[in-house]
């Protein structure tokens, strides 16, 4: 929202963001329709497939020996390199969690809920063998940490430097569209206070 004559009015950017949000909701509704045909539901937070579907899933599972023997040897050789990344991911996860636990409290910025970004539900898929389940858990963790850290970073940027770049930014985070325009020095400090207030209010509305 932009301030105009003492009141707030929607800008074209706000209208576009609103339409994007509506499309995201429409996309999620379409995903829900697709999931409905897969015959599963939730029980105490866990995914539960219908009995016949679960039986068919078990039949589709490839044995570990067959899975390994059918793999490209070069792909197998890359496995240690892939899994070595667990160390920097874990360090980043821990360090960013410590950072926001301390600094966000000082800034008055609401903390990012890490649990919302790390989702591990693929282990319940009976058509995956143990190796595939471990791979899925690893990918869930790595990409979940990236998404979690990105949100912490975007809140940090909104607090300290909510200014758009002069050049196009590929795949900018969700907060970027509402940042201040590059070169708008006249309004910057007043808008910086507004950005910080908006950020703090997110915590109050949670």
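Couple of notes before you dig in:
- All helices (runs of 4 or more DSSP H) inside the range 47-141 with 1 or more residues being in contact with a helix residue (DSSP H, G or I) (Cβ under 8 Å, 6 or more places away or on another chain) and surrounded by 11 or more Cβ atoms within 10 Å (Cβ to Cβ): 64-69, 73-84, 86-99
- The lone criterion from (1) under 30 Å from residue 160 (Cα atoms); (2) free of Cβ contacts under 8 Å to residues at least 12 places away in the same chain left unmet by residue 80 is number (1).
- Contacts under 6 angstrom Cβ, first residue in the range 183-206 being more than 16 Å from residue 157 (Cβ to Cβ), partner at pLDDT 90 or above and surrounded by 11 or more Cβ atoms within 10 Å (Cβ to Cβ), 6 or more apart: 203/110
- Against the conditions (1) within 21 Å of residue 196 (Cα to Cα); (2) without any contact (Cβ under 8 Å) to a residue 40 or more places away in the chain; (3) assigned to a helix (DSSP H, G or I), residue 165 satisfies every one except (3).
- Residue 145 vs. criteria modelled with pLDDT of 95 or more, in a loop (DSSP other than H, G, I, E, B) and surrounded by 12 or more Cβ atoms within 10 Å (Cβ to Cβ): no
- Residue in the range 181-193 that is on the phi > 0 side of the Ramachandran plot, part of a loop (DSSP other than H, G, I, E, B) and out of contact with any strand residue (DSSP E or B) (no Cβ under 6 Å at 6 or more places or on another chain) present: yes
- Residue within the range 161-173 that is surrounded by fewer than 17 Cβ atoms within 10 Å (Cβ to Cβ), closer than 18 Å to residue 114 by Cβ and within 14 Å of the chain's Cα centre (by Cα) present: yes
- Hey, residue 113 over 20 Å from the mean Cα position of the chain (by Cα) and free of Cβ contacts under 8 Å to residues at least 40 places away in the same chain or not: no
The values are calculated or read from the model by the stated rules, or taken from the named source; none is laboratory data. On a predicted model such as this, the values are computed, not experimentally measured, just so you know. For neighbour counting, all protein chains shown are included, and Cβ atoms are generated from backbone atoms with ideal geometry for every residue, glycine included.
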